[in-house]
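*Asks:* Quick one: the structure is below, questions incoming.
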Amino acid sequence: MTGTDTRQLAALRPRLPSPLHEVADGRFERHGVRLLLKRDDLIHPELVGNKWRKLAPNLATADGRTVVTFGGAYSNHLRAAAAAGRLLGLPTVGVVRGQELAGLPLNPSLARCAADGMRLHFVDRSTYRRKSEPETLAALLRAAGAEGAVVVPEGGSNADAVRGCRALGEELGTHADVAAVACGTGGTLAGLAAGLPRGRRALGIPVLKGGFLEGDIRRLQERAFGGPRGDWSLEDRFHHGGYARTTPGLDAFAADFEHRHGLPVERVYVAKMLYALLTLTEEGAFPRGTTLAAVVTGRPFP
């Protein structure tokens, strides 16, 4: 990390540590469980939530080079990377899953990326699945005119990002017995678990189907720390059909939570995590006297 990069990031004035506050919710209280909200959504108005924690370590070494990253048509990560590029004066390229989207009007999410200066490069889904293979990645960078770029993986999850997310666990410290976070690529959970003190555990709520995250998280911790760190587990029952999918029950729950607590609830990640915590509480998964910390990793868009 160069001094210039450090100063540029500091000039964005992130709100760290992010606020932590308790919410009074009788549905948890009747089971003897306290609910805290870790408001990572308030870290920065444009680099929201875990996106700051994951992107900042990756962008700190960009040194003016183009940043290439990956995502789907509604990717929070692509929007955050595009905003970071604009704020830091870095060129950005977003490799978007779905060649069929190239000839269509941009959806609001991709339009925001483009407005922030991100150059969008659409690829077919088969190629996208192979993007981590060295030959495929090299071909993608050539096709996007971005050879020599800094490459940030989908979701921002790599060893640098995991080490950046370790601070989340350190900030929570002994405030909670269980710290819960929604998971897409697993990087935030991998770092969170590593930062928590002994005797505290991290709980991940995957928002995608497939059951593949456990192995991914172990590999991320191996690359970031040389081996396993912290006490963590996954609850795979709460994806509600898959990424960006929802159900009437989830929508009703999120709207009710918003009404009770005045907190806009992001549906792709945060709603599923909060829904899972209430369901698990009602199932008796947490002993009386447990304090839960729910990490609010983002805000609704647009």
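*Asks:* With the condition kept exactly as written, say whether any residue in the range 163-171 is more than 16 Å from Asp40 (Cα to Cα), touching a Leu at 6+ places or on another chain (Cβ under 6 Å) and among the hydrophobic types (A, V, I, L, M, F, W, C). It would help to see each step written out before you state the result.
*Replies:* Taking the range 163-171 first, the residues more than 16 Å from Asp40 (Cα to Cα) are 163.
Checking which are touching a Leu at 6+ places or on another chain (Cβ under 6 Å) leaves us with none.
Scanning the range 163-171 turns up no residue that is more than 16 Å from Asp40 (Cα to Cα), touching a Leu at 6+ places or on another chain (Cβ under 6 Å) and among the hydrophobic types (A, V, I, L, M, F, W, C).
*Asks:* While we're here: For the range 107-126, check the following and say yes or no: at least one residue is touching an Asp or Glu at 6+ places or on another chain (Cβ under 9 Å), modelled with pLDDT of 95 or more and among the polar types (S, T, N, Q).
*Replies:* no
*Asks:* Shifting gears a bit: Quick check on my filter: what residues within the range 56-71 are farther than 22 Å from Ala138 by Cβ and either touching a His at 6+ places or on another chain (Cβ under 9 Å) or open to solvent by less than 10 Å² (accessible area, probe 1.4 Å) (or both)?
*Replies:* Within the range 56-71, just Ala60 meets the criteria.
*Asks:* Restricting attention to the range 122-136, and to residues there that are open to solvent by 40 Å² or more (accessible area, probe 1.4 Å) and in contact (Cβ under 8 Å) with a residue 12 or more places away in the chain, which single residue is nearest to the chain's Cα centre (by Cα)?
*Replies:* Per the criteria, the residue is Ser132.
*Asks:* Now for a different question. When you scan the range 69-76, do you find a residue that is within 30 Å of Glu282 (Cβ to Cβ) and touching a residue at least 60 places away in the same chain (Cβ under 8 Å), even just one?
*Replies:* Scanning the range 69-76 turns up at least one residue that is within 30 Å of Glu282 (Cβ to Cβ) and touching a residue at least 60 places away in the same chain (Cβ under 8 Å).
*Asks:* Going by what's in this entry, would Ala24 be described as open to solvent by 10 Å² or more (accessible area, probe 1.4 Å) and without any contact (Cβ under 8 Å) to a residue 12 or more places away in the chain?
*Replies:* yes
*Asks:* Looking at the range 82-91, can you tell me whether even one residue there is open to solvent by less than 10 Å² (accessible area, probe 1.4 Å), more than 19 Å from the chain's Cα centre (by Cα) and modelled with pLDDT of 95 or more?
*Replies:* Looking through the range 82-91, none of the residues is open to solvent by less than 10 Å² (accessible area, probe 1.4 Å), more than 19 Å from the chain's Cα centre (by Cα) and modelled with pLDDT of 95 or more.
*Asks:* Here's another thing I want to ask about it. For the range 137-157, enumerate the residues that are at pLDDT below 95 and surrounded by 21 or more Cβ atoms within 10 Å (Cβ to Cβ).
*Replies:* Listed by number, the residues that qualify are Gly155, Gly156, Ser157.
*Asks:* Right, here's the next one. Given the conditions (1) in contact with a helix residue (DSSP H, G or I) (Cβ under 7 Å, 6 or more places away or on another chain); (2) surrounded by fewer than 23 Cβ atoms within 10 Å (Cβ to Cβ); (3) at pLDDT 95 or above; (4) not assigned by the TED database to the domain that holds Leu141, and given that Lys38 satisfies all but one, which numbered condition is not satisfied?
*Replies:* Among (1) in contact with a helix residue (DSSP H, G or I) (Cβ under 7 Å, 6 or more places away or on another chain); (2) surrounded by fewer than 23 Cβ atoms within 10 Å (Cβ to Cβ); (3) at pLDDT 95 or above; (4) not assigned by the TED database to the domain that holds Leu141, the lone unmet condition for Lys38 is (2).
*Asks:* Give Leu277, Leu192, Leu263 a once-over and let me know the one that is within 17 Å of Arg39 (Cα to Cα), in contact (Cβ under 8 Å) with a residue 60 or more places away in the chain and in a loop (DSSP other than H, G, I, E, B).
*Replies:* On inspection, the qualifying residue turns out to be Leu263.
*Asks:* Let me ask something additional. Considering only the range 182-213, state which residues are surrounded by 15 or more Cβ atoms within 10 Å (Cβ to Cβ) and more than 19 Å from Asp40 (Cβ to Cβ).
*Replies:* Leu208, Leu213
*Asks:* Turning to a different aspect of this structure: Which one of these does Ala102 not meet: (1) out of contact with any Phe, Trp or Tyr (no Cβ under 8 Å at 6 or more places or on another chain); (2) more than 20 Å from Tyr243 (Cβ to Cβ)?
*Replies:* Unmet condition: (1).
*Asks:* Which residue out of Glu282, Glu258 is under 23 Å from Glu22 (Cβ atoms), open to solvent by 60 Å² or more (accessible area, probe 1.4 Å), out of contact with any strand residue (DSSP E or B) (no Cβ under 8 Å at 6 or more places or on another chain) and not basic (Lys, Arg)?
*Replies:* Glu282
*Asks:* Can you tell me which residues in the range 226-248 are open to solvent by 50 Å² or more (accessible area, probe 1.4 Å), more than 24 Å from Asn76 (Cα to Cα) and part of a loop (DSSP other than H, G, I, E, B)?
*Replies:* Selection gives Gly226, Pro228, Arg229, Gly230.
The values are calculated or read from the model by the stated rules, or taken from the named source; none is laboratory data. Predicted, not measured: the structure shown is a model, and the values here were computed from it. With ideal geometry, Cβ positions are generated from the backbone for all residues, glycine too; neighbour counts draw on all protein chains shown. Remember, those area values only see protein heavy atoms, side chains included, never the ligands or the DNA or RNA. Shrake-Rupley method; radii C 1.70, N 1.55, O 1.52, S 1.80 Å.
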